[in-house]
Amino acid sequence: MRAVRPTASDFAARHWYRLSPLSVVLFPLSLVFRLAVALRRLLFALGILESARLRIPVIVVGNLTVGGTGKTPLVLALAQGLRRHGLRPGILSRGYRGTGDSPRAVAAKDDPERVGDEPLLLAERSGCPVWIGADRVEAGRALCAAHPECNVILCDDGLQHYRLQRDFEIAVEDERGAGNGLLLPAGPLREPADRRVDARVVNGGVNENEPAPGAFAMRLAVAGLYRVGDASAVAPSELAGKKLHAVAGIGNPARFFATLSGMGLVFSAHAFPDHHPFAAADLQFADSDAVLMTEKDAVKCRRFGRRDLVAVRVEAEVDPALMELILERIRGRAPA
């Protein structure tokens, strides 16, 4: 088994989510980063840096902080909600760790090394056309040309991609909030915490004692377990009394491990860096009956052909008022 390296989450826990000596030392650099962020936004606002609008409404789902907060499950839930209301969404993504920058479609069972783990999961779960590309505008145009039936775009993790104009912005956060409130590299923020968006979605629930305007609650609920190799269902009772290991190559592994603990499972936890390209050696444990993982990690591990790999499917349960607000906004949007 490979040694598990310290992850970004380990660094974050030590420095980004409290005021540590290192975050204080890095504070001057965070001020420089804040200035650069503000200048870039201003250049786009003034039209000095070019942005473009697609012919159909664009909903951007992203976060103000570094790391996973639950964007992909939210995009899946929004895609399902839009379809229930008679709309035909398409999905854009960057394709993190994928190869190539040119726009391309993502198909179910595609190679995750070529298209990225999250876009592949979106393509397999959403039932919507999914396109990736470094330039979201070009990818969006390509999607619209290939699928003229689409009448709304969901952009996964594009909050800072200002070149693509948007009609509705959603910032997703979790129980960690804005951490120590500092921008990179002293804190986890990509943009200031008070940056205006149309909605904030809080994974784990809104603090009822301190309700924030424009905040909507979301929780991730376990929707089932299945074998990674053949997608056959696994009942939690089958894992009782077994020697279990759990791996997570996501932005916040602790959340996944807490979910497993909440199911009453006892396991050894192994955190890997976000988007980790799993190799067979990473999953070799001497005393193991089964290895549990997220769906995002599972799409990269199917090729190992092992029946002891078990994926945990989660679905986002979101405040219905968010969909009502989105529909109100995009239905009033004039065609480009």
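The values are calculated or read from the model by the stated rules, or taken from the named source; none is laboratory data. As the structure is a prediction and not an experimental result, all values here were calculated from the model. In this analysis, Cβ positions are derived from the backbone assuming ideal geometry, glycine residues included, and neighbour counts consider all displayed protein chains. Please note that ligands, DNA and RNA were not included when accessible areas were found on the heavy atoms of the full protein model with its side chains. Shrake-Rupley method; radii C 1.70, N 1.55, O 1.52, S 1.80 Å.
Taking the criterion of being at negative phi, of a type outside the set (V, I, T) and part of a loop (DSSP other than H, G, I, E, B), would at least one residue in the stretch 64-76 satisfy it? Yes, because at least one residue in the stretch 64-76 is at negative phi, of a type outside the set (V, I, T) and part of a loop (DSSP other than H, G, I, E, B).
So that you can scan it fast, the table gives a plain yes or no per residue for (1) closer than 28 Å to V61 by Cβ; (2) touching a strand residue (DSSP E or B) at 6+ places or on another chain (Cβ under 6 Å); (3) not charged (D, E, K, R):
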position	(1), (2), (3)
A246	yes, yes, yes
S268	no, yes, yes
H276	yes, no, yes
L292	yes, yes, yes
K300	yes, no, no
R303	no, no, no
A311	yes, yes, yes
E315	yes, yes, no
L322	yes, yes, yes
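In the stretch 150-165, what count of residues is obtained for those that are buried (at least 23 other Cβ atoms within 10 Å of the Cβ) and either over 23 Å from A45 (Cβ atoms) or at pLDDT 95 or above (or both)? Residues that pass the stated criteria total 5.
So is A108 in a loop (DSSP other than H, G, I, E, B), open to solvent by 50 Å² or more (accessible area, probe 1.4 Å) and touching a helix residue (DSSP H, G or I) at 6+ places or on another chain (Cβ under 7 Å) or not? Here the answer is yes, as A108 does meet what is asked.
Residues that are charged (D, E, K, R) and surrounded by fewer than 22 Cβ atoms within 10 Å (Cβ to Cβ) within the stretch 120-149 comprise E124, R125, D135, E138, R141, E149, listed in sequence order.
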